[in-house]
Amino acid sequence: MRNGVLSRFLAFRSQHAAPLLASLLVLFSSPAFAVSPETSAPPSADLPAPTAFAAKDRPGDQGNAVLLTWKDPSGIPGNAMIQIRRAVPPAYEWTDVATVKPGVGRYEDTSAKDGTVYRYEIRTVVPASAPSDSVSRLAATGAPLVSDPVASRDNWFRNERTNSFIASILFLAILLVSITMAKSGKQIFIRRIAGLNAVEEAIGRATEIGKKVLYVPGIQSMDEIQTIASIAILGHVARATARYGTDLDVPNKDPLTFASAREAVRAAYQAEGRPDLFREEMVNYVTYDQFAFTAAVSARMIREKPAAIFLIGYFFAESLILAETGQSTGAIQIAGQADPTQLPFFVATCDYTLIGEELYAASAYLSREPILLGSMRAQDIAKGIVILLGIAGIIIASLGGAWFPNLFKTQ
């Protein structure tokens, strides 16, 4: 009988022991019983927790950021760190955000998403001196502090750009005052440019020898600020040709520029009381193709040999072709452009060149438009202020003052 019981026991053990052992292995290997490297170290009473922990939306930003602040605990080991973790309620699956050294007292979580509610946990930790594998382990952890729920959002005003806001308001005030002064009739001084003195000379020479004046207002449309300035100068040139009875030729590449130039010339002749001298063919449309226009205007220069050529506006690769062709005819050439890539060609081949902002100053000086005059005055005042601030910054920095550059710092 004993042999029968023993044999049945051995059979039961061999039949059920393996599945039972496998079940136990599965149970203890489940997440509920898994030991995380971060929590493998038990909380230590020797690691005090940070205090005054707060989480809030970072003020004055464009969103997607949460600001965390705290006070570091005292009496912690030299190798202690401050660990920051984050969870989304109600799941509370904590994930690492950052680990920072004591003494910082703040951290900006820029991985937050606007509208998502988070809770943050902060605690003092001591990393293990010799990690057993590639996973960072903790030797000891302090008691955690958990923040109130917080969500980031976009702010309508960024505090770190207050200086830019003040500068914009100051420049706007200077601009409005300058325009008001110009409209009231007060004389606003703009330095005379050498190229402007040559305008009357060039038109006078064309009148004396009985040849035409050729004016090319660039190849761009009216959405380009240099083209607008060129049309303003064209109005002044057209008034001079109307007074002297000189023939004017204005070829155009862009249809909108063509229409604007024709109206500007028409208005100039009417303002001088010589509408009878205005002809529609004075302002003509050539073609929209860049180099077809360049070839047509160059051929016109060689064929008709104008006495004065104005190349004022926005030009590209055709600038050297037009300027070199005009120079070969012996005409007085006055060019102007604000783009530095084409200016060397004009400087090398033309008699006078309006460089950079001189183009806009010329349009304001010749047209005497109050808005243009006021704008030029405001820009000059702003440039003077910037120059003075730069000089002051050099002096203060030379004396060891590090606070002055922070006044102009933006993010």
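Close contacts from the stretch 273-295, counting a first residue that is in contact (Cβ under 8 Å) with a residue 40 or more places away in the chain and a second that is outside any helix (DSSP H, G or I) and of a type in the set (Lys, Arg), with Cβ to Cβ under 7 Å and a gap of 6+ residues or different chains, come to PHE293/LYS253. Here SER260, SER230 are screened, and the one residue that is under 32 Å from the mean Cα position of the chain (by Cα) and at pLDDT 95 or above is SER260.
Going through the stretch 185-225 one residue at a time, which ones are part of a loop (DSSP other than H, G, I, E, B) and at pLDDT below 90? Please lay out each step first, then the result.
Looking only at the stretch 185-225, we keep the residues that are part of a loop (DSSP other than H, G, I, E, B), and these are 185-193, 210-212, 217-224.
Residues satisfying the conditions are GLY185, LYS186, GLN187, ILE188, PHE189, ILE190, ARG191, ARG192, ILE193.
Of all residues in the stretch 40-62, those being farther than 13 Å from GLY75 by Cα, open to solvent by less than 40 Å² (accessible area, probe 1.4 Å) and modelled with pLDDT under 85 number 4.
Checking ALA194, ALA206 one by one, the residue that is over 32 Å from the mean Cα position of the chain (by Cα) and open to solvent by less than 10 Å² (accessible area, probe 1.4 Å) is ALA206 and no other. For the stretch 230-260, filtering for residues that are in a helix (DSSP H, G or I), within 12 Å of GLY313 (Cα to Cα) and open to solvent by less than 10 Å² (accessible area, probe 1.4 Å) leaves 4.
Cβ separations smaller than 7 Å between residues 6+ apart or across chains give the following pairs from the stretch 344-360 residues that are under 17 Å from ALA198 (Cβ atoms) to residues that are hydroxyl-bearing (Ser, Thr, Tyr) and in a helix (DSSP H, G or I): PHE346/SER319. Screening ILE169 with (1) β-branched (Val, Ile, Thr); (2) at pLDDT 85 or above; (3) in a loop (DSSP other than H, G, I, E, B) gives one miss only, at (3).
For the stretch 79-113, which residues satisfy the criterion of being of a type in the set (S, T, N, Q) and modelled with pLDDT under 90?
Let us first name the residues in the stretch 79-113 that are of a type in the set (S, T, N, Q), namely 79, 83, 95, 99, 110-111.
Result: ASN79, single match.
Considering only residues in the stretch 278-294 that are over 17 Å from SER221 (Cα atoms) and crowded, with 16+ Cβ neighbours inside 10 Å, the one that is nearest to the chain's Cα centre (by Cα) turns out to be MET282.
The values are calculated or read from the model by the stated rules, or taken from the named source; none is laboratory data. Being a predicted model, the structure only gives us computed values, none of them experimental. Virtual Cβ from ideal backbone geometry, glycine too; neighbours counted across all protein chains shown. We work out accessible area using only protein heavy atoms, side chains counted, and drop any ligands, DNA or RNA first. Shrake-Rupley method; radii C 1.70, N 1.55, O 1.52, S 1.80 Å.
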